[in-house]
Amino acid sequence: MWLLCGCTSKCLLTSFSRRVVRYSHHFLGKSFNKAACLPEAAGFEGVSDHSGLQQFSVSQTDRFWGAVARQRLTWISPFHTVQDCDLSQGRIKWFEGGKLNVSVNCLDRHIHTFPERVALIWERDEPGSEVKITYRQLLEATCRLGNLLRRRGVKRGDCVTLYMPPCPLAVASMLACARIGAAHNVVFAGFSAEALADRIRDAQSSTVITVNQGVRGGKVTELKKTVDAAVQSCPSVQQVFVAMRTENPVVVTARDVAMEEEMLREAVVCEPAAMDSEDVLFLLYTSGSTGKPKGLVHTQAGYLLYASLTHRYVFDYHDGDVFGCVADIGWITGHSYSVYGPLANGGTTVLFESTPVYPDPGRYWEMVQRLKINQFYGAPTAIRLLIKYGDQWVNKYDRSSLKTLGSVGEPINTEAWDWYHRVVGDGRCPVVDTWWQTETGGICIAPRPSDPDAEIVPGMAMRPFFGIRPVLMDREGKALTSNNTSGALCIAQPWPGMARTIHNDHQRFTETYCQPYPGYFFTGDGAYRSKEGHYQIIGRLDDVINVSGHRIGTAELEDVVNQCPAVAESAVIGYSHDIKGQGVYAFVVLKKGVDVQEADLARQLQDMVSKSIAKYACPDFIQFVRRLPKTRSGKIMRRVLRKVVERDLDGLGDLSTLDDPAAVQEVIQGHQDLCGKEQPQ
Ligand code: AMP
């Protein structure tokens with residue numbers, strides 16, 4: 001558990017720059033005004049600055065979250081208990097007794113004040129063809145779809161799987177589920193049929209919603225065909241709703257429902273279900289350190305409140321701003337910051353269907369100019385890619401609308417941070433490096449909110465959000481109290497946005513998150529706390545790698561590779577990649593007597609990963625070895641494999657526990673033959 005995976009972390013720490021950037025704060029003015037900052041804080045005594053407010057939020061948790069929840073959510077009936085949590089037992093309950101409907105909070109309540117405000121700007125793949133959807137239109141689509149789902153037998157408590165690209169009907173589908181009390185399970189539309197089928201089966205969905213075809217980067221993908229292939233092995237699926245993204249007809253089966261056509265037959269009013277605060281809002285699958293992805297469960301009130309509060313304060317989002325989160329809705333970032341956070345705040349949010357380089361590397365900034373985006377939220381991997389194309393692609397476009405730049409999904413190296421800040425933001429926009437994960441529901445550590453003019457250190461997430469108490473643990477499980485130290489990042493008390501369980505596997509939830517450090521939530525990440533008390537995320541401590549901001553468990557990859565009849569065993573590790581953050585490197589041992597062309601087999605293994613998981617998970621390098629370095633008890637020494645790939649032969653450490661130290665020499669030689677003298681990139 002204590003190994004830092006990949007050298008991104010090491011590079012980050014060593015290249016850690018003490019440069020500090022100061023800004024004049026937009027919304028707080030020069031002196032702290034607690035009521036202007038957070039109106040609820042007017043009643044919080046003894047709070048005179050931001051850190052006082054943060055302190056209040058963690059020491060008087062019930063008062064803080066109680067006030068914020070009463071003020072910011074619209075309740076059908078009020079809650080009687082702010083929280084009933086015991087992390088050591090994995091019991092997490094917020095706002096019990098309360099009833100509400102998430103779609104009402106995201107739509108209906110805004111209709112009274114601004115029905116014609118734009119809720120969604122769908123930035124379609126074809127540049128310049130954006131579609132704007134008002135709150136009134138989105139409510140109408142949500143209600144029609146809610147009625148259709150109900151008419152077709154979807155009930156409160158069911159789970160509907162969505163396999164869709166970012167588009168208004170995907171958002172309407174999420175909200176329609178919320179409206180009638182069904183949970184949704186959005187599966188990233190880049191996942192293969194097999195990966196989709198696993199998730200449909202685990203979620204026990206009888207209804208799937210998809211589109212006929214996806215369009216991304218000018219290429220058409222056959223999403224409906226993928227769903228057809230997936231449902232072959234999902235006996236629970238009774239119906240597939242198909243929306244039309246392109247005009248191309250698809251093969252229709254008896255279980256298919258023409259979504260738009262059927263929606264037109266439904267009423268535009270749909271009675272919202274009165275949901276309990278702790279009813280399930282959605283499942284979202286993510287990778288862990290075993291082969292089986294876990295369906296993290298988020299519930300209604302706490303999740304929505306946390307997504308909306310973080311959206312409002314981390315990005316300094318104001319009424320009338322255009323919020324541009326370019327994450328796909330298939331990931332938690334898309335859930336919290338393309339959909340739920342902005343809509344709960346009555347905001348205007350962009351749904352980005354394309355890629356950063358389509359039709360050219362100016363795509364993001366041309367979009368910023370055209371849509372007048374005020375907050376741009378993207379991933380370091382895209383920033384690193386765009387740096388390579390040169391500043392001219394940025395400078396061509398007017399970016400004066402930008403006020404805040406956000407980064408998410410992986411550590412942002414100082415070079416990328418600096419370019420984002422200096423070139424994209426013209427040196428005038430705060431860059432917020434936001435740390436969080438599927439499990440946390442929303443941003444937990446970020447440079448903002450903060451005191452006015454507070455420093456921002458490049459490449460550092462820095463400050464805990466309201467209600468978050470980060471703790472670093474040493475190897476013995478003791479909390480480290482001093483600064484200028486690194487440890488396992490835990491969060492010392494529950495917060496409303498956190499996941500409640502793993503679908504159908506609460507034991508795995510408690511074992512993974514609650515038991516490693518009893519009484520604390522363990523994030524799986526390592527972090528450094530600076531002399532000044534600011535946090536910097538180092539990287540995963542477990543066998544999870546992060547490719548272009550997407551999590552993949554090495555065990556998941558090994559499971560696929562090991563299914564090949566020619567393969568005896570394998571070990572997959574992450575290595576530092578200058579665009580993707582981390583790349584995938586597989587060591588493969590063949591069965592005795594197998595005689596194959598290695599290049600052919602490598603291609604075959606890549607195809608298998610692409611078919612079983614997704615293209616982005618494919619190994620960049622496959623090294624065939626006669627044996628893997630193992631301990632005498634038979635455990636693969638991944639640490640040694642990582643050092644070999646990092647070319648850190650001096651750091652191989654103690655090899656005396658190895659069963660056969662000569663195996664290491666073979667691995668080193670094979671690596672040099674495959675990658676030459678340079679580190680792989
Ligand atoms: P996911 O749940 O797929 O969003 O992945 C969450 C993981 O991504 C975290 O556990 C971190 O390892 C990594 N991550 C997310 N945001 C950051 C960040 N700002 N800095 C460093 N790592 C991050």
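Every read-out reported here was derived from the displayed coordinates using simple, explicitly stated rules and does not represent laboratory data. Computed from a prediction, not measured in an experiment: that's the story for all the values here. Neighbour counts are summed over all protein chains in view; Cβ atoms, including those assigned to glycine, are modelled from backbone coordinates with ideal geometry.
Here's the list of aspartates and glutamates a cross-link from Lys611 could span, going by alpha-carbon distance under 15 Å and ignoring same-chain residues fewer than 8 apart: Glu194, Asp198, Glu222, Asp228, Glu556, Glu558, Asp559.
Under the criterion of Cα pairs below 8 Å and six or more residues apart, the relative contact order for the chain equals 15 percent. Of the residues Leu53, Leu343, Leu674, the one with the fewest other Cβ atoms within 10 Å heads the list, and the complete ranking is Leu674, Leu53, Leu343.
Computed from backbone phi with θ = phi - 60° and the Karplus coefficients 6.51, -1.76 and 1.60, the 3J(HN,Hα) list for the stretch 253-268 is 10, 4, 8, 7, 10, 6, 5, 4, 4, 5, 4, 5, 7, 9, 6, 8 Hz; x is used for glycine and proline. Here Lys372 is the anchor, and the lysines within straight C-alpha reach of less than 24 Å, apart from those fewer than 8 places off in the same chain, are Lys132, Lys396, Lys403. Taking amide H atoms as placed 1.01 Å from N in the peptide plane, the amide H of Val625 lies under 5 Å from those of Val588, Val589, Leu590, each 5 or more residues away in sequence or on another chain.
Amide hydrogen proximity for Arg216: with H placed 1.01 Å from N in the peptide plane, the residues at 5 or more positions away or on another chain lying under 5 Å are Thr221.
Going from the fewest other Cβ atoms within 10 Å to the most, the residues Lys292, Lys396, Lys219 appear in the order Lys219, Lys396, Lys292.
Using the rule -39500 (n - 2.57) for each DSSP H run of four or more residues, divided by the residues of the chain, the 222 nm mean residue ellipticity is -8000 deg cm²/dmol. Within the straight-line cut-off of under 20 Å between alpha carbons, the lysines reachable from Lys591 are Lys630, Lys635, sequence neighbours fewer than 8 places apart in one chain being disregarded.
Residues whose amide H lies under 5 Å from that of Ile209, counting only those 5 or more places away or on a different chain, are Thr161, Leu162, Tyr163, Phe241; hydrogens are built 1.01 Å from N in the peptide plane.
Computed 3J(HN,Hα) for the stretch 136-144, one whole-Hz value per residue from the Karplus formula 6.51 cos²θ - 1.76 cosθ + 1.60 where θ = phi - 60°, is 4, 5, 5, 5, 4, 4, 4, 5, 4, glycine and proline marked x.
Placing unit charges on each Cβ (+1 for Lys and Arg, -1 for Asp and Glu) gives the chain a dipole about its Cα centre, and among Leu371, Thr61, Gly459 the Cα reaching farthest toward its positive end belongs to Thr61. Exposure proxy ranking for His184, His80, His534, based on other Cβ atoms within 10 angstrom of each Cβ and starting from the fewest, stands as His80, His534, His184.
Looking at the stretch 216-282, the GluC sites (Glu not before Pro) that sit in a DSSP loop and have at most 12 other Cβ atoms within 10 Å of their own Cβ are Glu247.
Taken one residue at a time, the phi angles of the stretch 471-484 give Karplus couplings (6.51, -1.76, 1.60, θ = phi - 60°) of 9, 9, 10, 8, 5, 8, x, 9, 5, 8, 9, 7, 8, 6 Hz. Gly and Pro are set to x.
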